[in-house]
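See below for the structure under consideration.
The values are calculated or read from the model by the stated rules, or taken from the named source; none is laboratory data. If you're wondering where the values come from, they're calculated on a predicted model, not measured in any experiment. Every residue, glycine among them, receives a Cβ derived from its backbone with ideal geometry; neighbour counts consider all protein chains shown.
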Amino acid sequence: MPVLRLALGAVGALAATWLLFVLVLALWRPRGMDLKGAARLVPDVTRLVRSLAADATLPRPVRRRLLFLLAYLAFPVDVVPDFIPLLGYADDVIVVAVVLRSVVRAAGPDALERHWQGTDEGLALVRRLCRVGPPPPSPPSGPGPGST
């Protein structure tokens, strides 16, 4: 009997934890970003993560996190199944955001610029997701002051 009670308690605790996680996902989403817009970025973000993971100039722990992220995204089983409206992709978006934020903190925002192959709007969205401000304005090209 005690084993059955322990097993039922463990199953109940797991179910309660999963429900709490789903509730947190429903309430905490990146500000200013709808999940459908984030889902449209999947191919560009996948290329970004692969490119960053292959960059030998990045520290090994950063590249390792990116490889784990690729494995997580490729794994067919999610914490929240993808067929659940809005929440299905929320776990993927949040995991990508957390990993990319840590990569940007370690490698700098210029790593995003170097490896991004998508549109400027997509890069702006990824920068917002990573909580990176807009890039500094580039100096004007052409002759500088004092040249004739």
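Quick notes on this one:
- Qualifying residue in region 62-77 (condition: in contact with a helix residue (DSSP H, G or I) (Cβ under 6 Å, 6 or more places away or on another chain), closer than 22 Å to Arg131 by Cβ and touching a residue at least 40 places away in the same chain (Cβ under 8 Å)): yes
- The C-beta contact set for region 88-112 (first residue surrounded by fewer than 21 Cβ atoms within 10 Å (Cβ to Cβ) and outside any helix (DSSP H, G or I), second residue of a type in the set (S, T, N, Q) and at pLDDT 90 or above, distance under 7 angstrom, 6+ apart or interchain) is empty.
- Among residues of region 53-75, those that are more than 19 Å from Arg114 (Cα to Cα) and surrounded by 18 or more Cβ atoms within 10 Å (Cβ to Cβ), counted: 1
- Residue in region 82-89 that is out of contact with any Cys (no Cβ under 7 Å at 6 or more places or on another chain) and within 16 Å of Pro43 (Cα to Cα) present: yes
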